[in-house]
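Worksheet: the structure to be examined is printed underneath.
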Amino acid sequence: MKFWIFVLMAVLAVPLFAKDDDIAKKIPAHSKIFLAPMGGFEQDLKTAIEKKKLPVELVPDRDKADFEITGTSETDKAGTAKKVILLNWHSNEQASITITEIKTGTVVYAYSVNKQSSAHGKRSTAEACAKHLKDQIASK
Amino acid sequence: MKKNYALLATFVFILSSLAGVCQSTNSPQDKPPAESGPAKSSEPAKATQPETTKSSAETPKKPSPPISSAKIPSGSKVYVAPMGGFENYVIAGILKKKVPVSIVADREKAEYEIRGAAETEKAGWAKMLFLSSQNSNEQASINVQEIKTGNVVFAYSVNKINSVHGKQSAGEAIGKHLNEAIGKD
């Protein structure tokens with residue numbers, strides 16, 4: 001009987017040696033986040049964060065923030081060829097954001113999105129970023 | 001008595017199987033870099049030791065960072081240098097592919113640095129007319145340098161024709177192949 005208990009303990013101890021593969025760290029709820037300038041995309045992102053009701057607090061001062069969002073956004077407006085040949089007026093959008101913990105300087109989350117013929121332009125990419133960011137925020 | 005031997009044999013079997021599982025998880029990175037074969041244009045350009053030939057020794061060349069075949073240790077702190085916005089896509093790709101490294105925003109705190117460049121060629125009118133495709137062509141190239149020694153430990157270039165997700169695709173390709181270059185414990 002003791003032997004079997006020992007075997008059971010040995011089997012149960014295996015997960016202790018397993019490596020933690022979860023690279024991305026969760027962002028605590030109600031964290032203070034600073035949106036760095038991204039050529040105007042920060043405004044769209046701010047609107048999207050509010051629209052998606054992310055449980056975070058956006059602060060205008062970087063010194064008061066726990067996390068910083070940096071990133072880039074690109075818009076490829078429909079040219080004449082696209083309008084004439086494909087009969088499509090929508091732009092192609094791509095954006096990428098990175099969230100860094102200011103205290104440690106570690107990147108905790110990053111996300112990139114590409115939307116072809118985006119119906120709502122930058123708004124679509126910003127909302128995609130906010131939607132996925134919401135999944136990364138710890139509920140409590 | 002026989003029952004005890006049977007139990008002991010069962011225990012030894014479980015332990016050996018567990019050891020086998022541990023070894024199998026470590027096996028991919030135990031492979032020497034030479035086994036990975038010749039690098040294609042869209043495959044990682046595995047860093048190899050430079051061959052010291054007589055002709056190269058005679059002709060003076062510009063000093064370039066030495067190339068090392070050393071693997072990047074798991075859990076290393078990596079800094080991604082600015083690449084005109086593409087660094088964000090690379091970071092996103094690294095995190096999406098769960099590369100076991102820690103990305104830091106400060107170069108001083110990092111052990112490795114990723115540098116590179118990316119180019120986008122947007123679809124022209126001819127491509128739209130004849131191929132009915134508005135996807136762009138993307139190409140990017142990165143190299144991972146050990147900050148302390150200055151050795152280039154990994155380099156990779158990617159070329160995506162008709163990239164559906166643009167720079168995101170290139171960033172994820174880099175993350176995927178960088179994952180293979182990380183030496184897991």
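Here are B:140, B:170: which of them is under 15 Å from residue B:80 (Cβ atoms), buried (at least 22 other Cβ atoms within 10 Å of the Cβ), within 11 Å of chain A (Cβ to nearest Cβ) and of a type outside the set (S, T, N, Q)?
Result: B:170 is the single residue among B:140, B:170 that is under 15 Å from residue B:80 (Cβ atoms), buried (at least 22 other Cβ atoms within 10 Å of the Cβ), within 11 Å of chain A (Cβ to nearest Cβ) and of a type outside the set (S, T, N, Q).
Taking residue A:117, is it within 9 Å of chain B (Cβ to nearest Cβ), modelled with pLDDT under 95 and under 15 Å from the mean Cα position of the chain (by Cα)? So residue A:117 fails the test.
Each residue in the stretch A:65-101 was checked for being closer than 13 Å to residue B:134 by Cα and of a type in the set (Ser, Thr, Tyr), and 2 pass.
Of the residues examined, residue B:152 is not one that is away from chain A (no Cβ under 11 Å), crowded, with 20+ Cβ neighbours inside 10 Å and in contact (Cβ under 8 Å) with a residue 12 or more places away in the chain.
Please specify each residue of the stretch A:84-107 satisfying the condition of being surrounded by 20 or more Cβ atoms within 10 Å (Cβ to Cβ), within 23 Å of residue B:107 (Cα to Cα) and touching a Phe, Trp or Tyr at 6+ places or on another chain (Cβ under 8 Å).
Quick first cut of the stretch A:84-107, residues surrounded by 20 or more Cβ atoms within 10 Å (Cβ to Cβ) only: A:91-100, A:107.
Next, from what is left, pick out any that are within 23 Å of residue B:107 (Cα to Cα): A:96-100, A:107.
Passing the criteria: A:96, A:97, A:98, A:99, A:100.
If you filter the stretch A:127-140 down to residues that are under 20 Å from residue B:85 (Cβ atoms) and within 14 Å of chain B (Cβ to nearest Cβ), you find that the one that is surrounded by the fewest Cβ atoms within 10 Å (Cβ to Cβ) is A:132.
Total residues in the stretch B:100-115 satisfying the condition of being closer than 13 Å to residue B:72 by Cβ and either among the small types (Gly, Ala, Ser) or more than 7 Å from chain A (Cβ to nearest Cβ) (or both): the figure is 7.
Annotation note: Cβ proximity below 7 Å between a residue of the stretch A:24-45 that is over 15 Å from residue A:111 (Cα atoms) and a residue that is of a type in the set (Gly, Ala, Ser) (sequence gap 6+ or interchain) occurs for A:28/A:138; A:29/A:138; A:29/A:139; A:32/A:65; A:33/A:65; A:34/A:65; A:39/A:73; A:44/A:126.
Name the strands (runs of 3 or more DSSP E) wholly within the stretch B:73-185 that hold at least 2 residues that are of a type in the set (S, T, N, Q) and closer than 26 Å to residue A:104 by Cα?
B:136-146
The values are calculated or read from the model by the stated rules, or taken from the named source; none is laboratory data. As the structure is a computational prediction, the values presented were derived from the model and not from experiment. Glycine also receives a Cβ, built like all others from the backbone with ideal geometry; neighbour counts cover every protein chain displayed.
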